Each structure stands twice: as structure tokens, then as C-alpha cells.
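This report refers to the structure that appears directly beneath it.
The values are calculated or read from the model by the stated rules, or taken from the named source; none is laboratory data. If you're wondering where the values come from, they're calculated on a predicted model, not measured in any experiment. We place every Cβ from the backbone using ideal geometry, glycine too, and count neighbours over all the protein chains shown. Note: accessible area is taken over every heavy atom of the protein model, side chains too, but ligands, DNA and RNA are not part of it. Shrake-Rupley method; radii C 1.70, N 1.55, O 1.52, S 1.80 Å.
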Amino acid sequence: LQDVFMFAGDIKYNIILNNKVEDNRMIEYAKYVNAHNFIKKLKKKYKNIVSEGGSNLSTGQRQLIAFARALAKEPRILILDEATSSIDSETEYLIQDAIKKIMKDRSSIAIAHRLSTIQDVDKIYVMHKGKIVESGSHAQLLAKKGYYFELYKFQYLKT
């Protein structure tokens, strides 16, 4: 979600919640989504306490933990809602990489304003005022020079 909720407890709990996930598997998930690097630098690592709402973590760190949480559920369908909103530029690359990884081999719906989040997906549906106005791959939509192309120009071709 745009605003990731962190539960009272430690990082481990925030990843596995009530799922039966072995520690080594949880760490694999955290590594896979690029969360492990910042977690291992914390004083108590996976036992580090998360304050209410996760205020002691950055927005990007909370998002990476949420991706590991999603993997711990091993979902067949994944829905991402503005997964890259409100993040610092340093973490954006890590999150983009994690998104590509967690969407791999599963059906995914990604709601995004940042086109970089969706450029590599199979099919993009462009909505305007609540209606689908275009659909296709990133390359197809750019070639159409329609609404998606205008969004792309606005985000990437600013001069």
C-alpha cells in the first residue's frame, strides 16, 4: 500500500506476522527484496523493535519490509498500490528492483503514477477520469503517442 502499516513488535514479526516461516526463509525473503542490508545494520537486526506505525523506519524501509511480508504469504496474486510513492531517491532503486522480483511468476496488479514501476510488465492499462483509455506494453503505448506517451514525456522528458 501507499502507506505501509507496521505492527507493534520486532522486524521479524512484521515480516512473518502469524505465518509459520523459518528464520532462514524469512532472511531469504528479506534479501530478495533488498531489506536485509539495512536490517543487518540495525543494533538488534531482525529483533529490532519497530515503534508504533514504524516511525523509527524510513518510508522506503517500511515498504521493503512489506515486500518481504508479502513473500512470506507466498501469494499467487499480488496487488501493489503506489508502491513507490513517498520514498527517498536512494531507496527508489531498491524498491524498483524488489517490485520486479516479487511480481515475477505471479499475477500482479500494480497501481502506479510513476511509470518506472510498470515499464516491464506484460500489459499496462492507462486510466483517465475512471475509464481505461489505452492498453498495451510500454513500447506499444509509447509508439501510439497517446495519453501514456504524454505521461511519459511529462515524467521523463522534462527540459
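With each run of n ≥ 4 DSSP H residues scored as -39500 (n - 2.57), what mean residue ellipticity at 222 nm is computed for the chain after dividing by its residue count and rounding to the nearest 500 deg cm²/dmol? Let's see the in-between values first.
On the way: 7 runs with 66 residues, N = 159.
So the calculated ellipticity at 222 nm is -12000 deg cm²/dmol.
How high is the relative contact order of the chain, given as a whole-number percent (alpha carbon pairs under 8 Å, six or more residues apart)? Could the numbers behind the result be given before it?
Numbers: 213 pairs, mean separation 33.2, N = 159.
Normalised by residue count, the contact order of the chain is 21 percent.
Taking R0 as 35 Å, what FRET efficiency do you get between ARG76 and LEU157 from their Cβ-Cβ distance, rounded to the nearest 0.05? Provide the component values of the computation, followed by the final result.
Values: r = 37 Å, r/R0 = 1.06.
Efficiency computed from Cβ-Cβ geometry: 0.40.
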Nonlocal amide H pairs with VAL50, under 5 Å, H built at 1.01 Å: GLY9, ASP10, ILE11
Most fluctuating residue given options GLN63, GLN140, GLN96, as computed from a GNM of the chain linking Cα atoms under 10 Å: GLN140
Cα long-axis angle, helix 23-32 against the chain (0 to 90 degrees, to the nearest 10): 30
Among ILE39, ILE109, ILE132, residue whose mean-square fluctuation peaks in a GNM of the chain (springs only between Cα atoms under 10 Å): ILE132
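Restrict the search to the stretch 108-159; then list the trypsin sites (Lys or Arg not before Pro) that DSSP places in a loop and that have at most 11 other Cβ atoms within 10 Å of their Cβ.
Details: sites: ARG114, LYS123, LYS129, LYS131, LYS144, LYS145, LYS153, LYS158; in loops: ARG114, LYS123, LYS129, LYS145, LYS158.
Filter output for the stretch 108-159: LYS123, LYS129, LYS145, LYS158.
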Accessible surface of the stretch 28-159, 1.4 Å probe, proportion on carbon and sulfur as whole %: 53
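Quick one: what do you get for the stretch 7-72 if you divide its Cα Rg by 2.2 N^0.38 Å? Walk me through the numbers on the way to the answer.
Details: Rg = 10.3 Å, N = 66, 2.2 N^0.38 = 10.8 Å.
This ratio for the stretch 7-72 stands at 0.95.
Per residue, what accessible area does the chain have, given a 1.4 Å probe and all protein chains present, in Å²? If you can, show how the numbers build up before the last one.
Numbers: 9890 Å² over 159 residues.
Ligands and nucleic acids excluded, the result is 62 Å² per residue.
Considering only protein heavy atoms, with the full assembly of protein chains and a 1.4 angstrom probe, order TYR46, TYR148, TYR13, TYR93 by accessible area, largest first.
Values: TYR46 25, TYR148 5, TYR13 80, TYR93 160 Å².
Most to least solvent-accessible, the answer reads TYR93, TYR13, TYR46, TYR148.
Take the Cβ-Cβ distance between HIS128 and PHE5 as r, set R0 to 30 Å, and report the resulting FRET efficiency rounded to the nearest 0.05. List each step's numbers first, then the result.
On the way: r = 30 Å, r/R0 = 1.00.
So, using R0 = 30 Å, E works out to roughly 0.50.
Assuming R0 = 22 Å, can you tell me the calculated FRET efficiency for the pair SER51 and LYS100, based on Cβ-Cβ distance, to the nearest 0.05?
Details: r = 30 Å, r/R0 = 1.36.
About 0.15, to the nearest 0.05.
Restricting attention to the stretch 16-58, which GluC sites (Glu not before Pro) occupy a DSSP loop and are surrounded by at most 11 other Cβ atoms within 10 Å? Display every interim value, and only then the final one.
Values: sites: GLU22, GLU28, GLU52; in loops: GLU22.
Counting only loop positions with at most 11 other Cβ atoms within 10 Å, the GluC sites (Glu not before Pro) in the stretch 16-58 are GLU22.
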Relative counts (whole %) of C-alpha pair distances in the chain, using bins that are 5 Å wide: 2, 9, 17, 20, 18, 13, 9, 7, 5, 2, 0
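How about the stretch 7-100: which trypsin sites (Lys or Arg not before Pro) there lie in a loop by DSSP and see at most 16 other Cβ atoms within 10 Å? Let's see the in-between values first.
Values: sites: LYS12, LYS20, ARG25, LYS31, LYS40, LYS41, LYS43, LYS44, LYS45, LYS47, ARG62, ARG69, LYS73, ARG76, LYS100; in loops: LYS20, LYS40, LYS41, LYS43, LYS44, LYS73, ARG76.
Passing both the DSSP loop test and the Cβ count: LYS20, LYS40, LYS41, LYS43, LYS44, LYS73, ARG76.
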Approximate spin-label separation LEU42-SER135, in nm, with each point projected 7 Å along Cα-to-Cβ: 4.1
Cα→Cβ-extended label distance, 7 Å offset, between ASN19 and PHE149, nm: 4.2
Furthest towards positive pole of dipole, PHE38, ASN56, PHE5, structure part the chain, Cβ charges: PHE38
